[in-house]
Amino acid sequence: METLEKYYKVTAQQEYEKNPQLSATDVEELLKWSDENINLYGKLIDIQIIMFLHACNYDKEYTKKVISQCYNLRAKKCTPFFSARDPAHPFNQKQLDVVNINIIPDEENGYSYIWSQLKIVDASQYYPTVASKLTFMAIELDQVEYGTKSGYRMVLDSNNFSLSHALRYSLSNARHLMLYVQEGTPFVIDKIYILNVTSGTERLFSMMKPFMSSSLINKVIIKSVPKTNEFIKTLPQTIVPKDYGGLAPIMSETNEILKQKLLDNRDYFLDEEKLRNGNVKDEVDTTVGENDKDNINSFKNLSID
């Protein structure tokens with residue numbers, strides 16, 4: 001397995017037509033640079049380089065930094081989020097029964113909305129590292145199928161997200177997650193909407209905020225329970241699930257579609273992990289947080305509308 005080329009549904013030529021800012025010369029130069037500088041068990045291909053360039057606003061030198069950080073973090077600090085990615089693994093399958101994860105495209109504006117909500121309220125069944133891993137897998141598959149997007153907009157419904165859920169976040173994993181999101185992603189996170197805010201949401205945001213840049217913090221929009229319905233009406237109704245009064249399919253339906261798509265693309269995730277690590281890890285990281293003083297931060301700067 002030399003590359004992942006056979007899995008991509010989009011071509012470099014399609015991306016050049018979609019994004020006139022792309023330079024074939026830059027792509028070729030970055031391919032050569034990655035062969036010489038990124039430690040993998042295979043090679044990156046042009047479409048992967050294009051994803052990074054697009055996410056970095058076509059800045060070649062910045063793209064090099066992000067590619068390096070992406071694969072360094074996946075290999076080291078962020079291993080729990082990027083190992084044991086077999087969609088058929090029982091633990092990964094189970095977490096998709098605990099958390100609804102859905103991707104709904106806004107075709108008119110070029111964004112994809114990632115909706116997430118708890119299906120099972122019992123906090124003991126919630127594993128945040130696994131849920132985050134599955135979200136990254138969903139975004140990655142979206143890129144494999146559709147190529148570059150203007151950005152991804154996260155819609156996190158925190159209804160029923162309690163303090164018990166928040167306490168299951170490992171402080172070190174939360175820190176490393178924020179590092180990857182800000183320095184290593186081959187995609188753009190455009191907005192993060194947190195709806196129906198709870199005390200658990202406040203606790204979690206306060207824990208993560210010290211690890212967030214001002215740029216990322218400015219992308220976060222938090223809505224209280226009374227303001228959530230009003231806010232949802234301002235979104236394109238084609239991307240709002242029927243659960244919230246919109247026109248998109250109900251979340252349970254799109255979650256099942258995503259679950260099947262992940263299984264259908266199992267070979268991609270196995271080969272992608274082999275490309276990075278040389279093998280596929282079978283043990284899912286189920287680290288959860290502890291109720292220690294380091295996990296407690298002030299809520300005084302939390303801005304809730």
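What follows is calculated from the coordinates using simple rules that are stated; it is not laboratory data. These numbers were taken from a predicted model, which means no experiment stands behind them. No Cβ is skipped: glycine too gets one built from the backbone with ideal geometry, and neighbour counts run over all protein chains shown.
Grouping the Cα pair distances of the chain into 20 Å bins from zero gives a pair-distance distribution of 33, 60, 7 percent in increasing distance order.
Relative to the current alpha-carbon distance between ASN277 and ILE120, full extension at 0.36 nm per residue lengthens the span by 53.2 nm. Under 5 Å from the amide H of TYR193 lie the amide H atoms of MET154, VAL155, LEU156, ILE221, each residue being 5 or more positions distant or on a separate chain, with H modelled from the backbone and absent for Pro and chain starts. When every Cα-Cα distance of the stretch 89-241 is counted in 5 angstrom steps from zero, the calculated P(r) takes the values 2, 9, 18, 23, 23, 17, 8, 1 percent. Available extension along the chain between GLU61 and LYS242 is 60.8 nm, counting 0.36 nm per residue and deducting the alpha carbon span.
Measure nothing but the geometry: give the 0 to 90° angle between the long axis through the Cα atoms of 128-146 and the longest principal axis through the Cα atoms of the chain, rounded to 10°. With rounding to tens, the tilt is 40 degrees.
Distances between placed amide hydrogens fall under 5 Å for ALA248 paired with VAL240, LYS242, all partners being 5 or more residues away or on another chain.
Its residues counted as N, the stretch 127-213 yields a C-alpha radius of gyration over 2.2 N^0.38 Å of 1.12. Net charge of the neighbourhood of PHE82, taken over other residues with C-beta under 13 Å away and scored Lys/Arg +1, Asp/Glu -1, is +3. Expressed to the nearest 5 percent, the antiparallel share of DSSP beta bridges inside the chain is 35 percent. Axis of helix 60-75 versus longest Cα principal axis of the chain: the two differ by about 70°, to the nearest ten degrees. Seen against the Cα atoms of the chain and their longest principal axis, helix 199-208 is set at about 40 degrees.
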